[in-house]
Amino acid sequence: MTLDLTKEWLPRLLEGMKYTVAITIGAFILALLLGLVIAVMRLDRRRWYLYVPATIYVEVLRGTPLILQLFFAYFALPAMGIQLSPLTAAILGLGANTSAYLSEIFRGAIRTVDQGQWEASAALAMDWPTMMRSVILPQAMRIALPPTGNYAVSLFKDSALASTVSVAELLFTGQVIGSETFRYMEIYALIGLLYLAVSYPTSLLLRRLETHLELSRPRSRKKPSVPAPVEAEKEPVS
């Protein structure tokens, strides 16, 4: 790969990168919101009217291919009168798919919060929304941060599938350049470097944030051990 070719291709690839980043951010925000709602709906099996539809949502999206969900959003929804642009369909498909996985992460993190926190909140007469917002969710999100960060990086790479619904993102732009120049080896190598240039620093940043939160987490103080009382020696009975 020559420097001249890189300079020639880079502006077009960076234009495609804008769509890749836009898809990633939009889909991740959607996944966070939907994932949290679905997680809360699945906390209590007794509320079957919430638990059952949320469980169906999770199992369907986790049990079918992501590319099928993208095709459904872009090609099938218009048959129902819902017309989406390629960018909107990509964000909807990727966001919905990721939300199914994040919901399980959030649900597990919420259940990991110490039972004493729930009891203390109830003792303070907090209503359920206030308890979740002020006590439970802040602790749960700290626990959920590492796997959520991993899914964010994975979503950035999965955004390449948006090319299948005609979004001119990074990979789609590279395919167009490759069809024009037939320099597929060079163009795909450059695309790989661009993905790596974004995903690797993001992974390092998330790792540092995780370490910072771990260090700032209050640790339980151990009570000083109290020595066992020493019994007084009994005098021999004369």
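Rounded to the nearest whole angstrom, the semi-axes of the ellipsoid equivalent to the stretch 1-136, taken from the Cα gyration tensor as √(5λ), stand at 39, 21, 12, largest first.
At what distance in nm do the modelled label points of Thr55 and Ile29 sit from each other, each positioned 7 Å from its Cα along Cα→Cβ? Spacing of the two 7 Å Cα→Cβ label points: 3.3 nm. Placing a label point 7 Å from the Cα of Ser203 along the Cα-to-Cβ direction, the residues of the stretch 149-166 whose backbone N falls under 12 Å of that point are 150-151, 153-154, 157. Summarising the label geometry, the points placed 7 Å from Cα in the beta-carbon direction at Leu5 and Thr88 lie 4.0 nm from one another. Calculation over all alpha carbon pairs of the chain in 5 angstrom steps from 0 returns a P(r) of 1, 6, 10, 12, 13, 12, 10, 9, 6, 5, 3, 3, 2, 1, 1, 1, 1, 1, 1, 0, 0, 0, 0 percent. For the chain, carbon and sulfur atoms together expose 64% of the accessible surface, with a 1.4 angstrom probe and every protein chain in place. Full extension of the chain between Phe71 and Arg12 gives 18.7 nm of extra length, using 0.36 nm per residue less the Cα-Cα distance.
Between Thr64 and Trp118, the FRET efficiency estimated from the beta carbon spacing at R0 = 35 angstrom works out to 0.50. Of all stretches in the chain that contain no trypsin sites (Lys or Arg not before Pro) in a DSSP loop with at most 16 other Cβ atoms within 10 Å, the longest one is 48-182.
The values are calculated or read from the model by the stated rules, or taken from the named source; none is laboratory data. Quantities reported herein were computed from a predicted structural model and do not represent experimental measurements. Ideal geometry is used to build each Cβ from the backbone, glycine not excepted, and the neighbour counts take in all protein chains shown. Please note that ligands, DNA and RNA were not included when accessible areas were found on the heavy atoms of the full protein model with its side chains. Shrake-Rupley method; radii C 1.70, N 1.55, O 1.52, S 1.80 Å.
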